[in-house]
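Asks: My questions all concern the structure below.
Only the coordinates and a few stated rules stand behind these numbers; no lab work does. Treat the numbers as computed from the prediction; the structure is a model and nothing was measured. With ideal geometry, Cβ positions are generated from the backbone for all residues, glycine too; neighbour counts draw on all protein chains shown.
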Amino acid sequence: DTIVDALRGIHDFTKEDIAHKSLSTVQIHPFLQDIIRQEAVVIKNRKHQVRIETDGDHILDIDKEMVSSVLREIFENALEYSPDSTEIILRTRIENEKIILEVEDKGTGLTPQDQKRIFDKFARGSKAEQFNPDGIGLGLYIAKQMVELAGGEIWLESEEGKGSTFGLSLPLEK
């Protein structure tokens with residue numbers, strides 16, 4: 001199933017699809033709540049606390065499907081690679097004509113070597129196997145391709161043993 005899911009993700013977001021993006025008007029706080037709601041079972045079972053931090057409940061025109069897919073990939077990783085009963089923060093702000101979206105966890109963090117390659121094809125953190133994750137290491141690679149094709153950036157800040165913050169920025173639509 002994981003290979004099929006990964007291939008479906010690649011198929012769903014080709015370069016042509018992103019070039020012809022479909023903008024939707026989205027209120028940011030309910031948009032983030034919906035992403036959290038989609039993972040409610042995992043959050044409850046793992047006893048995570050999830051918090052939203054925004055610099056305002058902005059109403060934005062975004063490619064809702066693409067942004068949702070990327071943010072869900074990052075959020076699902078935070079849920080999967082964080083110890084039970086830890087806090088995960090979804091953070092948004094507007095800065096320099098861009099929407100910034102971040103997911104911060106208190107998981108295992110990534111080694112400096114893992115950080116250099118985490119957005120590469122088939123890349124996985126060296127400690128991934130201890131969590132028995134689904135997937136084959138294409139999720140963050142696909143997320144990076146989608147964000148960059150949309151004119152944005154994606155990044156990681158991580159400290160081994162303390163957690164990670166994955167972020168992305170996208171230009172605001174005029």
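Asks: In nm, give the distance between the simple-model label positions of Glu148 and Asp84, each being 7 Å from the Cα along the Cα-to-Cβ direction.
Replies: 3.9
Asks: Continuing with the same structure: Sort region 32-155 into rounded, prolate or oblate with this rule: let a ≥ b ≥ c be the square roots of the eigenvalues of the Cα gyration tensor; rounded if a/c is under 1.5, and if a/c is not under 1.5, prolate when a/b is larger than b/c, oblate otherwise. Intermediate values should be presented prior to the final figure.
Replies: Details: a/c = 1.79, a/b = 1.18, b/c = 1.52.
It is oblate, given that a/c is not under 1.5 and a/b is not larger than b/c.
Asks: Quick one: if the Förster radius is 35 Å, what FRET efficiency do Arg117 and His29 give, using the C-beta to C-beta distance and rounding to 0.05?
Replies: For Arg117 and His29, the calculated efficiency is 0.55.
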